[in-house]
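What follows is a set of notes on a single structure, which appears directly below.
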Amino acid sequence: MIGPAVSLDARDAARGAPFGPEDRYRLLTDRPLPQFDSPSGVACLALDTLRPDASLYALVCTTALMWRRRPLGELTKIPGHGLVNPLYNGTVATKDGGKRAVILFERPQGGSLAEIEPMREREIAHRILPPLLSAVFELAERGITHRAIRPNNIFFRLADNYEELLLGECVSAAPGAAQPVIFEPPERADALPEGRGDGAPDADLYAVGMVIASLLSHRDLTTVPEILNSRRRYGSFVAAMNSTRCGSAMESLLRGVLRDDPALRWNTDNVHRWRTGTEERPTAAGTPRIAGHPFRFRGFNHDNARSLAKAFHAFPKDAVADCMNRSAETWLHHSLGDAVAAKRMREIRDHHETFPTADETDFAARVCAAIDPAGPIYFRNIVVMRDGFPSLVAAAMAANDSTLLTNLSQLLRSGLLNATARPSPSEPSALQPSFAENLARFAQETALGFGLERCLYELNPLLPCQSPQISGEGDNPAALLAEFDRRAEAERTAVPSFIDRHTAAFLATQMRPYQYRLAQLSRPKGGRSEDMRGEVALLGDYQSVFGPTPLHGLTAWATAVLTPLIKALHNTKARERLLDRLPSLARQGELNELMRGLNLAEWVAWDEAGYHQAVARDHALGTALEALDNNAPARAAAAAEHGQQIANVIGFATLLVASVVTWVWLAH
């Protein structure tokens with residue numbers, strides 16, 4: 001048994017990186033614990049300064065995007081029995097001044113189930129199986145699947161003591177992402193690791209069955225040659241147990257939970273009845289349906305639907321040809337004996353004949369979904385379960401995989417999800433048709449608040465905002481605004497804008513009535529200043545709904561970005577009046593009060609109207625003057641003619657005045 005004692009002293013606390021509430025915990029990165037590593041991070045020793053004797057470890061993650069938020073939150077608040085529970089999650093400061101995501105866990109002191117000596121069936125049945133089933137049952141009652149049950153992730157709480165068994169952590173990575181393929185149910189095994197989905201409790205029971213089969217057969221199933229091919233042909237039970245014998249009760253359990261058909265696989269109710277002795281022994285084999293004659297495709301024989309679906313996905317052009325000539329449909333109906341799949345394929349072919357499309361990939365994807373409805377969706381380089389989209393989109397975003405992101409966007413827009421959305425007991429969280437339609441619409445639109453970023457937050461409603469502008473905070477709009485306020489306070493007026501594609505998508509998901517106002521920010525009509533006025537107003541509305549108040553950093557930032565708009569007013573008195581009011585309004589720390597007090601919309605409209613009127617008058621006067629300039633020769637000739645007439649009139653008037661004066665003078 002591997003589980004050496006770990007000693008900690010004051011020097012460890014002094015050199016460890018502080019994290020957690022009031023820096024309660026210490027992260028000892030120089031004390032790695034590779035047995036607890038996760039696909040999303042590396043494990044190391046951790047210390048609780050208030051409880052130095054507590055046995056803890058921490059996962060330092062490259063990203064928090066892959067965390068299973070709901071199980072993480074629920075198991076932190078109410079720990080589960082028989083589990084390695086999370087105690088805290090947050091961030092820890094790094095030496096380069098950045099931050100890393102971290103989850104703190106209880107640390108088992110014993111080794112893993114993969115390290116124990118061979119055990120007899122009686123010991124396995126009494127010491128190993130009961131705590132595994134109890135942990136799965138408790139999680140199922142809380143609506144949670146573990147999805148990481150395998151021998152090297154099952155630990156003993158104490159060293160050299162088999163009495164208390166713990167399922168390892170299940171919250172730091174996508175469900176099923178760390179599972180060896182043989183521990184995944186067949187319908188999920190071919191999906192991308194990040195797209196295997198939450199599944200149902202039967203997926204956990206399947207993994208428990210594989211763990212027990214591994215212990216009974218004294219084999220590491222991950223190293224058995226050709227075990228996957230054996231599973232495809234003979235079924236999971238035969239592949240796992242090989243020629244190993246066990247008692248009838250244990251055999252009934254393993255045959256029930258290891259059925260390859262998810263519709264026949266035992267669930268928690270079946271296992272509960274098995275424990276009380278009231279469940280009937282499995283009668284149907286539950287093995288894959290094998291065709292009487294194989295289907296020849298590109299030089300290889302395929303005797304089951306899943307094998308053929310994988311081949312069609314790899315070579316869509318050839319798949320289209322075999323579907324259109326009805327050879328695949330005939331094989332499904334007569335050789336495989338699956339009339340339902342044959343009918344679905346016929347419907348797809350008829351639709352293609354009526355509405356032909358050049359997209360062979362889309363056609364092949366629909367055919368694959370028709371012949372293997374319990375399996376994953378196949379589309380370009382994507383293989384994903386219908387309940388695996390949340391984690392796969394998150395993984396693509398985390399890796400910034402442009403090819404995968406592009407193909408995911410095309411898949412979401414294709415309508416394939418809506419056409420194949422069929423929630424079942426084995427996929428209770430699979431996408432509903434109406435939700436799939438919304439995702440298609442979000443993916444189609446490129447404006448702020450939409451796109452694949454919107455799909456990310458719709459699919460992962462507990463995911464914090466992933467904008468690069470923030471340092472990991474932003475679980476909700478209030479926290480996001482507080483983070484904006486801190487950044488604005490720190491950088492003063494250097495922040496050009498807070499609304500990027502991620503913040504817009506996050507805020508639109510949190511409050512859908514504002515999604516079109518967010519979209520308008522990506523289509524500015526009046527230049528950057530007008531755009532910023534819309535952003536300030538929108539953030540003010542979010543502050544009014546969600547809080548917090550006051551936000552002095554944000555109002556100072558708003559003052560800075562609105563000042564150019566005020567200075568651009570043409571009316572001098574209006575500019576001076578608004579600039580005088582700006583500081584006192586900003587001191588209140590409320591963006592909406594700032595916008596109401598300035599009443600910028602009306603002032604800008606009034607100023608623009610007055611300016612346009614002045615421009616119109618100026619234009620009319622200019623036109624008149626130009627007309628005068630253009631008629632100068634004609635005016636000169638007219639002036640010469642009329643000038644002589646005017647001179648005669650003036651001469652006559654002068655003579656008359658002189659005569660009158662003379663007469664008056666003579667009269668006196």
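The values are calculated or read from the model by the stated rules, or taken from the named source; none is laboratory data. Quantities reported herein were computed from a predicted structural model and do not represent experimental measurements. So basically every Cβ, Gly included, is an ideal-geometry build from the backbone, and we count neighbours across all protein chains shown. Ligands, DNA and RNA are excluded from the accessible area calculation, which covers all protein heavy atoms including side chains. Shrake-Rupley method; radii C 1.70, N 1.55, O 1.52, S 1.80 Å.
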Hey, can you tell me all the residues within region 405-422 that are open to solvent by 20 Å² or more (accessible area, probe 1.4 Å), within 24 Å of H502 (Cβ to Cβ) and hydrophobic (A, V, I, L, M, F, W, C)? L405
Out of the residues in region 232-250 meeting the condition of being open to solvent by 40 Å² or more (accessible area, probe 1.4 Å) and not hydrophobic (A, V, I, L, M, F, W, C), tell me which one is nearest to D190 (Cα to Cα). R232
Taking D220 as meeting all but one of (1) open to solvent by 50 Å² or more (accessible area, probe 1.4 Å); (2) of a type in the set (D, E); (3) closer than 15 Å to E121 by Cβ, write down the number of the exception. (3)
Step by step: first the residues of region 356-374, then only those that are in a loop (DSSP other than H, G, I, E, B) and charged (D, E, K, R), then the one that is farthest from S414 (Cα to Cα). Which residue is that? D372
State which residue pairs qualify: first residue modelled with pLDDT under 95 and inside region 40-61, second residue hydroxyl-bearing (S, T, Y) and outside any strand (DSSP E or B) in any location, beta carbons under 7 Å apart, and separation of 6 or more residues or different chains. S40/T62; S40/T63; S40/S172; G41/T62; G41/S172; C61/S40; C61/S172
Looking for something among the small types (G, A, S), more than 28 Å from N460 (Cα to Cα) and in contact (Cβ under 8 Å) with a residue 24 or more places away in the chain - is there at least one such residue anywhere in region 63-83? no
Counting only residues that are farther than 19 Å from D190 by Cβ and either touching a Ser or Thr at 6+ places or on another chain (Cβ under 8 Å) or among the hydrophobic types (A, V, I, L, M, F, W, C) (or both), which one in region 360-384 is surrounded by the most Cβ atoms within 10 Å (Cβ to Cβ)? F363
Listing of helices (runs of 4 or more DSSP H) fully contained in region 500-601 that carry 3 or more residues being touching a residue at least 60 places away in the same chain (Cβ under 8 Å) and surrounded by 18 or more Cβ atoms within 10 Å (Cβ to Cβ): 527-546, 552-567
Among the residues of region 90-106, which ones are at pLDDT 95 or above and surrounded by 21 or more Cβ atoms within 10 Å (Cβ to Cβ)? V102, I103, L104, F105
Mind listing just one residue for me: the one in region 136-195 that is among the acidic types (D, E) and open to solvent by 10 Å² or more (accessible area, probe 1.4 Å) and, of those, modelled with the lowest pLDDT? D160
Out of curiosity, is L215 open to solvent by less than 40 Å² (accessible area, probe 1.4 Å), closer than 29 Å to L308 by Cβ, of a type outside the set (D, E) and over 33 Å from the mean Cα position of the chain (by Cα)? no
Which of the residues belonging to region 251-284 are open to solvent by less than 80 Å² (accessible area, probe 1.4 Å), among the charged types (D, E, K, R) and in a helix (DSSP H, G or I)? E251
Would you mind stating whether H302 is open to solvent by 30 Å² or more (accessible area, probe 1.4 Å) and not β-branched (V, I, T)? no
I'd like to know if region 410-431 contains one or more residues that are modelled with pLDDT of 90 or more and in contact with a Cys (Cβ under 8 Å, 6 or more places away or on another chain). yes
Return the only residue of E353, E329 being closer than 13 Å to L308 by Cα, of a type outside the set (F, W, Y), in a helix (DSSP H, G or I) and open to solvent by 10 Å² or more (accessible area, probe 1.4 Å). E329
Checking N325, N267 in turn, the sole residue that is farther than 22 Å from G375 by Cα and of a type in the set (S, T, N, Q) turns out to be N325
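Restricting attention to region 445-470, which residues are touching a Gly at 6+ places or on another chain (Cβ under 9 Å) and either over 26 Å from G534 (Cβ atoms) or assigned to a helix (DSSP H, G or I) (or both)?
To start, the set of residues in region 445-470 that are touching a Gly at 6+ places or on another chain (Cβ under 9 Å) comprises 445, 462, 464-467.
L462, the sole residue that qualifies.
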When you check P130 against the structure, is it at negative phi, free of Cβ contacts under 8 Å to residues at least 40 places away in the same chain and open to solvent by 10 Å² or more (accessible area, probe 1.4 Å), yes or no? yes
Among the residues that make up region 55-62, is at least one of them buried (at least 16 other Cβ atoms within 10 Å of the Cβ) and touching a Pro at 6+ places or on another chain (Cβ under 6 Å)? no
Can you pull out every residue in region 478-497 that is surrounded by fewer than 22 Cβ atoms within 10 Å (Cβ to Cβ) and of a type outside the set (D, E)? A478, A479, A482, R486, R487, A490, R492, T493, A494, V495, P496, S497
